[in-house]
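The values are calculated or read from the model by the stated rules, or taken from the named source; none is laboratory data. Nothing here was measured: the structure is a model prediction, and the numbers come from that model. For neighbour counting, all protein chains shown are included, and Cβ atoms are generated from backbone atoms with ideal geometry for every residue, glycine included.
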């Protein structure tokens, strides 16, 4: 998937640089260049989200099929993501936003509390442990949610993971 991310970056940023280079000579203000660059960045962000979704569903398919045919499942996952885009994309955005909120909260607390005394070091240690636990929880939540969505649309059951009615999958 890293190769696909590099390919997407080249496909987005190479034309963007050429467009910005040509537009830099003719525009009257830098705000136009900013909005062209912002548009390119948003396109890259959108394509990154799609690759992230494909990556998640590929991992789910590999485990579900107990196989090592990665490229076969990448293409099946691309088809799955685009055929159920109105379900897969909002779920991925929700999960990414939750992780972003968690990180913003952590870095805000880190900046506010600091590590100047022994007590603040202890408080930051406890906050960091909570941050690690929360990241693991969000990762489990992400895979569990996407597995449930995959299972709903494909009617496939994974043999390795037992059925549970709770949100906790261990």
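Numbers below:
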quantity	calculated
Counted residues, the stretch 18-33 - those being surrounded by 12 or more Cβ atoms within 10 Å (Cβ to Cβ) and part of a helix (DSSP H, G or I)	6
Tally of residues being in contact with a helix residue (DSSP H, G or I) (Cβ under 9 Å, 6 or more places away or on another chain) and part of a loop (DSSP other than H, G, I, E, B) across the stretch 55-74	3
Residue satisfying all of: in the stretch 75-87; touching a residue at least 12 places away in the same chain (Cβ under 8 Å) and within 16 Å of the chain's Cα centre (by Cα); surrounded by the fewest Cβ atoms within 10 Å (Cβ to Cβ) among these	87
Residue list for the stretch 88-104, restricted to those being surrounded by 16 or more Cβ atoms within 10 Å (Cβ to Cβ) and under 13 Å from residue 149 (Cα atoms)	88, 89, 91, 92
Residue 43 being surrounded by 17 or more Cβ atoms within 10 Å (Cβ to Cβ), in contact (Cβ under 8 Å) with a residue 24 or more places away in the chain and touching a helix residue (DSSP H, G or I) at 6+ places or on another chain (Cβ under 6 Å)	no
From the options 70, 12, 27, 17, residue that is under 30 Å from residue 148 (Cα atoms) and not assigned by TED's automatic domain parsing to the domain that holds residue 151	70
